[in-house]
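Read-outs: derived from the displayed coordinates by stated rules, not from any lab. Remember, predicted model here, so these are calculated numbers, not experimental data. Positions of Cβ are backbone-derived with ideal geometry, glycine not excepted, and every protein chain shown enters the neighbour counts.
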Amino acid sequence: MFPPNRNVGVNMGAHAAVNLPMSKFAFCDLALESAIQLEALKAGKNWNDKPVHSLAELLVQAARPEDKEAPASFIEASYYEPFERLTRQQLGVRQSVQDIKAYFGGAADKLRAVSVETGSAEGVAALVQFCVTLHRELARELRMEDLSGARQRRASDITP
């Protein structure tokens with residue numbers, strides 16, 4: 001478990017400010033750190049809102065690439081597939097790209113709005129689950145890429 005005051009959000013903001021693509025590893029870690037911080041809020045403990053709000057901003061950039069300032073990382077297959085799987089899990093059926101963008105945009109709005117004053121236990125619990133599921137789907141995508149890369153390396157090792 002990460003220390004409670006680990007400030008993952010500052011590094012994420014640096015990527016977003018200059019419109020660089022976000023590392024999938026950092027995106028995955030940010031989702032987990034946000035879940036940890038939201039759990040602290042739900043338990044009435046001190047929490048750091050920076051990772052949560054940084055995740056919200058990253059999701060806005062990913063889900064609303066029509067914003068001229070935002071990178072279009074949403075349409076990259078490596079982000080689309082985990083986003084699509086998460087949306088399908090939550091909504092029960094395969095969704096259009098616009099539906100996926102709307103779902104993640106709505107999640108970003110909820111993450112941005114969360115605070116000690118506005119966070120109901122039920123609402124925060126749903127956001128924790130969203131962050132954990134996002135982390136799991138991003139980690140799954142990274143694992144599949146790692147396995148694919150390992151297969152390619154093995155194939156090139158045996159090719160004369």
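For the reader, a short list of remarks on this structure follows.
- Backbone HN-Hα couplings from phi across the stretch 29-34 [Karplus 6.51/-1.76/1.60, Hz, Gly and Pro as x]: 5, 5, 4, 5, 4, 5
- Residue 140 versus residue 93: modelled label distance in nm, points set 7 Å from Cα along the beta carbon direction: 2.1 nm
- Were the residues from residue 45 through residue 148 laid out at 0.36 nm apart, the gain over their Cα-Cα distance would be 32.9 nm.
- ³J(HN,Hα), Karplus 6.51/-1.76/1.60, whole Hz, each residue of the stretch 106-114, x for Gly, Pro: x, 5, 4, 4, 5, 5, 4, 7, 5
- Gain upon complete extension [residue 109, residue 122; 0.36 nm per residue less C-alpha separation]: 3.0 nm
- Straight-line reach from residue 110: taking Cα to Cα under 19 Å and skipping same-chain neighbours fewer than 8 places apart, the lysines in range are 42, 50, 101.
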